[in-house]
Amino acid sequence: MELGRTLLFHCLLFVCSSAHSDFFTSVGQMTELLFVEKDLVLSLKDYIRAEEDKLGKIKQWANRLQELSSAATFDPELFLGNPVNAFKLIKRLNTEWSQLEALVLTDMSDGFISNLTIQRQFFPTDEDQTGAANALIRLQDTYRLDTETIATGRIPGSSFDPPLSSGLSVEDCFDLGRVAYSEADYLHTTLWMEQALKQLETETETETETKTETGTVDVKTVLDYLGYSVYQQGALERALHYTKRLLQLDPSHQRANGNLKYFEYQLSKHRQTGAEERGAEATGADRERSDDYLPERKAYERLCRGEGIRMTPRRQSRLFCRYHDNNGHPSLLIGPVKQEEEWDRPRIVRYHDVVSEREMERVKELATPRLKRATVHDPQTGKLTTAHYRVSKSAWLGSFEHPVVDQINWRIEAVTGLDVSTAEDLQVANYGVGGQYEPHFDFGRKDEPDAFEELGTGNRVATWLLYMSDVQAGGATVFTDVGASIKPKKGSAVFWYNLFPSGEGDYRTRHAACPVLLGNKWVSNKWIHERGQEFRRRCGLRETD
């Protein structure tokens, strides 16, 4: 009964918070999947116990009847000469064996199947699985991780011992390679198929019992993918090597036989012309994206790894930490906030301990049931849409919805000195597996003059970014144009101006949220608009800070 109530609670919670899938875009909502799985395991255990009880009763019947029939068949006439035995034989065959038949045919799985059917409608979809696979590949590239590191679960920064990290099975590695293959990403297909092959060969050598885990994945299937993927990268000799290995295992493999002749022909032609073979030895981190839509990809990923441009000692010496009361603001005179200058040009400041633990938890509670896939503004259509370069879920909270939101808005106004009455609602975001937001501007550029026209409050003059969780690894906010990298710190907020005093956009504020390598990242944004700032931030003719 208690299990049923628990399952019902999680179903209702899912109805409220997961009207559609995209589970991989929010770790916060994925935590509910753990509890759902836990409940299903308990339900499965109940089913197993019921089956064991049923088998126990059947065994008792079998043992009793075996003992009786053995004695009876030793001397049938003597046994049936007793009228009591004759009566009981007739009764057993007429009644008791029918009862046994009913017991054997009793389906003990009804409760478990019913619970599973209810929960299945809220399970992740194929899109979620593909999204999570692409997230692992993205982390592999951004943080220069090899497949062995990911497969063993030993993610840099993890506090778990290796036994507590589940790691990837052969089938998991194969699925990652297959996702890459479906997107014509032959480098990552090769990397993950080679990892699957390595684990398959290790299992064969140690003779471990993992056949049920690897399922239908075998060496021949992996070699088939490897031969073609390596060929697509121009490594003909390696393609030939994998194809020959496949034919040793299955000489009648039709595709491999065709590929063998083609690869041998291509290789001989290359050798005759003296053409150099392109290698396929690069790691995921060294991949060249000839058709990459993001021009600063390398700079962005270097900053995410902490390899960005360092500020000179002279510039560093000009950055200060101080207590900030915003020129004697009444609410900050007694309790000023701790201000730290993170960067000078553009000026980026961090305010420490600007919100309490209770406030942050309350904001998360308010936002969680409303989290939806984060969207971006499409300059072509002028509408909001989802994008693969922004992997998170977000919710909007108005000041009227709860006093804690009003308190945070009031504190932003006190600290920054800007009018937040025309600002957008507080946006709360939770990042998913490998969650990120690639380089972008917060303000509307000249080529998209209608970006915020429907709001009627002008352009985004400033950004307030509040970190509501610490992140074990990754997840930094980086400014790709200037090389600034700011790590999340729970309870602190980062603030910068997107526009110069002249109203022109400051293109140095192009920034990104790096993929979360390890942990759960919660942030909230407040985008402050131009209207209402006329007497708080004076206009200027020059584009200066």
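For the stretch 479-517, residues that are among the aliphatic types (A, V, I, L, M), under 25 Å from the mean Cα position of the chain (by Cα) and under 22 Å from Arg297 (Cβ atoms) total 5. The strands (runs of 3 or more DSSP E) found entirely in the stretch 472-545 that carry 3 or more residues being under 25 Å from Val354 (Cα atoms) are 477-479, 484-486, 493-497, 511-513, 522-529. In this structure, Glu209 qualifies as at pLDDT below 95 and open to solvent by 60 Å² or more (accessible area, probe 1.4 Å).
For the stretch 333-371, a residue qualifies if it is open to solvent by less than 40 Å² (accessible area, probe 1.4 Å), touching a His at 6+ places or on another chain (Cβ under 9 Å) and over 16 Å from Trp464 (Cβ atoms), and exactly one does: Leu366.
In the stretch 396-418, the condition of being open to solvent by 10 Å² or more (accessible area, probe 1.4 Å), out of contact with any His (no Cβ under 8 Å at 6 or more places or on another chain) and over 21 Å from Ser356 (Cα atoms) is met by no residue. Checked against the criterion of being among the polar types (S, T, N, Q), touching a residue at least 12 places away in the same chain (Cβ under 8 Å) and over 25 Å from Lys372 (Cα atoms), the candidates Ser492, Ser485, Ser469 yield just one match: Ser485. The listed residues are Thr457, Thr463, and the only one of them that is in contact (Cβ under 8 Å) with a residue 40 or more places away in the chain, surrounded by 17 or more Cβ atoms within 10 Å (Cβ to Cβ), over 19 Å from the mean Cα position of the chain (by Cα) and part of a loop (DSSP other than H, G, I, E, B) turns out to be Thr457. One residue stands out among those in the stretch 98-129 that are open to solvent by less than 50 Å² (accessible area, probe 1.4 Å) and not in a loop (DSSP other than H, G, I, E, B): the one that is farthest from Ser182 (Cα to Cα), which is Leu100. Just so you know, in the stretch 372-395 the residues that are among the hydroxyl-bearing types (Ser, Thr, Tyr) and surrounded by fewer than 21 Cβ atoms within 10 Å (Cβ to Cβ) include one that is modelled with the highest pLDDT, and it is Thr375.
Can you work out which of the residues in the stretch 212-227 that are open to solvent by 40 Å² or more (accessible area, probe 1.4 Å) and among the polar types (S, T, N, Q) is modelled with the highest pLDDT? The residue in question is Thr221.
Yes or no, residue by residue, for (1) of a type in the set (Phe, Trp, Tyr); (2) touching a helix residue (DSSP H, G or I) at 6+ places or on another chain (Cβ under 8 Å):
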residue	(1), (2)
Phe441	yes, yes
Asp447	no, no
Trp464	yes, yes
Asp470	no, no
Lys487	no, no
Pro501	no, no
Lys521	no, yes
Arg537	no, no
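Of the residues making up the stretch 303-324, one or more are part of a helix (DSSP H, G or I) and in contact with a Ser or Thr (Cβ under 8 Å, 6 or more places away or on another chain).
Selection of the stretch 136-157 for residues being open to solvent by less than 30 Å² (accessible area, probe 1.4 Å), out of contact with any strand residue (DSSP E or B) (no Cβ under 9 Å at 6 or more places or on another chain) and in contact (Cβ under 8 Å) with a residue 40 or more places away in the chain yields Ile137, Gln140, Asp141, Thr147, Ala151. Please go through the stretch 42-52 and give me each residue that is open to solvent by 60 Å² or more (accessible area, probe 1.4 Å) and in contact (Cβ under 8 Å) with a residue 12 or more places away in the chain, ordered by number. Answer for the stretch 42-52, where residues must be open to solvent by 60 Å² or more (accessible area, probe 1.4 Å) and in contact (Cβ under 8 Å) with a residue 12 or more places away in the chain: Leu42, Leu44, Asp46, Tyr47.
The values are calculated or read from the model by the stated rules, or taken from the named source; none is laboratory data. Every value quoted in this text rests on a predicted model; they were computed, and no experiment measured them. Cβ coordinates were reconstructed from backbone atoms using ideal geometry, including for glycine residues, and neighbour counts include every protein chain displayed. Side chains are part of the model used for accessible areas, which takes the heavy atoms of the whole protein and leaves out ligands, DNA and RNA. Shrake-Rupley method; radii C 1.70, N 1.55, O 1.52, S 1.80 Å.
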